[in-house]
Amino acid sequence: MAKIHILDENLINKIAAGEVIERPASVIKELIDNSIDAGATEITIFIENAGKKKIGIIDNGCGLDEEDIFLCIERHATSKIKEAQDLYKITTHGFRGEALASIAAVSKMTIRSKPENANEGIELIIKSGIVKNKNIVGMQTGTEIIVEDLFFNTPVRKKFLKTEATETAHFLNVITNHSLAYPHINFKFYNENKLIFESPKVTSRLEALLNLYGYSIKDDLIVVNKKIEDVNIEAYFGNPKLSRKSRDRQKIFVNNRFIRNTMINAAVYNSYKTLLGVNEHPMYIVFIDLPAEQIDVNIHPTKIEVRFVDNIKIKNILENVFTDALQTSEKINPNIKLKTYSVAELKKEQLSNIALELEQSSVKKIQNYSLELEQKSDEAQQKTENIELAITEKSAENLELNYRIIGQINNLYIIVECDDGIKIIDQHAAHERILYNKFMKIIKSKEKIEAQMLLLPLTIELTQSEKILINQWLDVFEKMGMILEDFGGNTLILRSVPLFIGSRADDKRLLLDLIDDILALGKIHTIDEKLHNIVALMSCKSAIKSGSRLLVSEMQEIVEHILQDKDIKTCPHGRPTFINLSFAELEKTFKRT
């Protein structure tokens, strides 16, 4: 590893703002980057109290000698660059000194390190960036860094940290991103001394990806490997059926650095074009490798963004490669193979058809007669339904509520005539609120929600970070009649669902959408908040959809709830369930007054 040195003032002014330690996961990102730059092939991370109490990392990299271990915690110390020109060809990730100085300034830090050619290691104990003690220690080649009481001297930052589950999920996102980019490194992650993630050493990014997201998606991945000029592209696109409501399964890496980039994101979405539905987001993992001098990694303090020297060139290359891959893939547009026949085979086929026609002709009269009886039966059934409809409408007129259903328009709104005017009801919003009220009432009365066991339990593949966040909701799921069990690894099993889901009980997509919605809810502490949100989400998923044609009896049930219950003015998300149009307003509109 290159020696560490202090930058001169002129060079400091050319570099973007220093490292920003926003949250505990920012610490581990910098520490992992340092370990990778040191050539580590084994990296172990451990945390306590979601990193607020302790963050640690152990690697088997090249280690630091006595001179470098003191320099690495100084501001503007780096092994990365020596002169201004080096800024334009950076190939490493961590600022061995710059990040450590920022972390040491807001924590109590211990660093132990031993180079390969040394007999002993050196230990530094640091508080608020100041070295308090130096010791000689026995250890293996590599580096160990322990960060304790993060932000103990900056309580304002500590105040804005999220829940333990959310912060732990951030750690997992950082670690899994590195495991995708560096499949040859064995990453282990311990939370409260329990191993919760491990990426074994593998030979390809695809293996690392499947280890993270589950091997069940392998057949639905479109794999791209292209080299155009000096740009290498390795990409994995999900078949549209792998799309989700969230963007969590979208990752971009440039020279193995995880980044966010609107241009690359737009190139992917342009390639999918009409393949996705509304509010659906594709799964994609894109790796772009190009010469270091063609990108600038110093435009953002946390290095999450990069700038390409030739933006137009990269955009055109990516759009062409992505579009070609998606449009020609049989996983999206399967080729239909038509059978071909010789002349002799065609004659034989014709003779077979003639024989078949003769055989069928003997039953043709019976089939025609049966069809005639069926048609007459359908006509009689239709007459019965018309009579029932007339009776239903008549009875509706004579109810105490005194209303008349005029009908349904655009398979979306129910039009009702009342004493004081017309109500226009949004069928989805109204039904959503009816379901929400019904099940919140059951929950508040502590009655048990009726559930049905699934004949074939559903298996759900999640990432470890998603699984940690969903674990916070298991008690609420159970109250709602949904039994979710840990099946090991990244898998959960759903064994039962509430009865009100009805015909969609085995709809895996419904559950995935529900999980995405829950993951998007963010910081929620109380059980009441959780119950409100999950009941609102499940009511929305289970309610009559916009565009559904309703029977009169279904419209009648919604209308009577609206007229009788004053607590159905809005859906659980705040949208109005109906609007009133009084007769006076109608008369004014038509200039009758």
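The values are calculated or read from the model by the stated rules, or taken from the named source; none is laboratory data. Since the structure is predicted, the reported quantities are computational estimates derived from the model, not experimental observations. No Cβ is skipped: glycine too gets one built from the backbone with ideal geometry, and neighbour counts run over all protein chains shown.
Going by what's in this entry, would F500 be described as more than 26 Å from Y413 (Cβ to Cβ), surrounded by 12 or more Cβ atoms within 10 Å (Cβ to Cβ), of a type in the set (F, W, Y) and at pLDDT below 85? Here the answer is no, as F500 does not meet what is asked. Considering only residues of the range 62-91 that are of a type in the set (V, I, T) and part of a loop (DSSP other than H, G, I, E, B), which is modelled with the highest pLDDT? In this case the residue turns out to be I73. Within the range 163-177, can one find any residue that is part of a loop (DSSP other than H, G, I, E, B), touching a Lys or Arg at 6+ places or on another chain (Cβ under 6 Å), in contact (Cβ under 8 Å) with a residue 12 or more places away in the chain and not polar (S, T, N, Q)? Checked against the condition, which is being part of a loop (DSSP other than H, G, I, E, B), touching a Lys or Arg at 6+ places or on another chain (Cβ under 6 Å), in contact (Cβ under 8 Å) with a residue 12 or more places away in the chain and not polar (S, T, N, Q), the range 163-177 yields no hits at all.
Across the range 447-477, the qualifying residues are those that are assigned to a helix (DSSP H, G or I) and β-branched (V, I, T), and the one among them that is farthest from the chain's Cα centre (by Cα) is V476.
Counting only helices (runs of 4 or more DSSP H) wholly contained in the range 512-593, the ones carrying 2 or more residues that are of a type in the set (A, V, I, L, M, F, W, C) and at pLDDT 85 or above occupy 552-564, 583-589. Which condition breaks for Y236 when tested against (1) in a strand (DSSP E or B); (2) aromatic (F, W, Y); (3) in contact with a Pro (Cβ under 9 Å, 6 or more places away or on another chain)? Status for Y236: all satisfied but (3). Scan the range 415-455 residue by residue and report those that are more than 17 Å from K566 (Cβ to Cβ) and hydroxyl-bearing (S, T, Y). Matches in the range 415-455: S445 only.
With respect to D59, is the statement that it is at pLDDT below 90, within 30 Å of K201 (Cβ to Cβ) and within 32 Å of the chain's Cα centre (by Cα) true? No.
Scanning the range 239-263 for residues that are closer than 14 Å to L318 by Cβ and assigned to a loop (DSSP other than H, G, I, E, B) yields a total of 1. Checking each residue in the range 20-61 for being within 25 Å of P183 (Cβ to Cβ) and in a loop (DSSP other than H, G, I, E, B) picks out A38, G39, A40, T41, N60, G61. Here the range 276-285 is the region considered, the condition is being assigned to a strand (DSSP E or B) and of a type outside the set (S, T, Y), and the residue that is farthest from D37 (Cα to Cα) is H281.
The rows are residues; the columns are (1) under 23 Å from A520 (Cα atoms); (2) modelled with pLDDT of 90 or more; (3) part of a helix (DSSP H, G or I).
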site	(1), (2), (3)
N265	yes, yes, yes
Y269	yes, yes, yes
T274	no, no, yes
F287	no, yes, no
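Among the conditions (1) closer than 30 Å to H76 by Cα; (2) surrounded by 15 or more Cβ atoms within 10 Å (Cβ to Cβ); (3) at pLDDT below 90, the only one that I299 does not satisfy is (2).
Select from the range 92-115 the residues that are charged (D, E, K, R) and modelled with pLDDT of 85 or more and write down the one among them that is surrounded by the fewest Cβ atoms within 10 Å (Cβ to Cβ).
Here the answer is K108.
Condition check: of a type in the set (A, V, I, L, M), surrounded by fewer than 17 Cβ atoms within 10 Å (Cβ to Cβ), touching a residue at least 40 places away in the same chain (Cβ under 8 Å) and over 16 Å from R404 (Cβ atoms). Does I579 satisfy that? So I579 passes the test.
Of all residues in the range 193-240, those being among the β-branched types (V, I, T) and closer than 24 Å to D486 by Cα number 2.
Output the residues belonging to the range 153-193 that are of a type in the set (F, W, Y) and either surrounded by fewer than 20 Cβ atoms within 10 Å (Cβ to Cβ) or not assigned by TED's automatic domain parsing to the domain that holds K114 (or both). Listed by number, the residues that qualify are F160, Y190. When you scan the range 145-152, do you find a residue that is out of contact with any His (no Cβ under 7 Å at 6 or more places or on another chain), surrounded by fewer than 18 Cβ atoms within 10 Å (Cβ to Cβ) and in a helix (DSSP H, G or I), even just one? Checked against the condition, which is being out of contact with any His (no Cβ under 7 Å at 6 or more places or on another chain), surrounded by fewer than 18 Cβ atoms within 10 Å (Cβ to Cβ) and in a helix (DSSP H, G or I), the range 145-152 yields no hits at all. Restricting the range 1-42 to residues that are at pLDDT 75 or above and in contact with a Cys (Cβ under 6 Å, 6 or more places away or on another chain), the residue that is surrounded by the fewest Cβ atoms within 10 Å (Cβ to Cβ) is G39.
Restrict the check to the range 457-468 and report whether at least one residue is polar (S, T, N, Q), touching a Phe, Trp or Tyr at 6+ places or on another chain (Cβ under 6 Å) and surrounded by 13 or more Cβ atoms within 10 Å (Cβ to Cβ). Yes, that holds for at least one residue. When the test is whether a residue is at pLDDT 95 or above and in contact with a helix residue (DSSP H, G or I) (Cβ under 9 Å, 6 or more places away or on another chain), I185 passes it.
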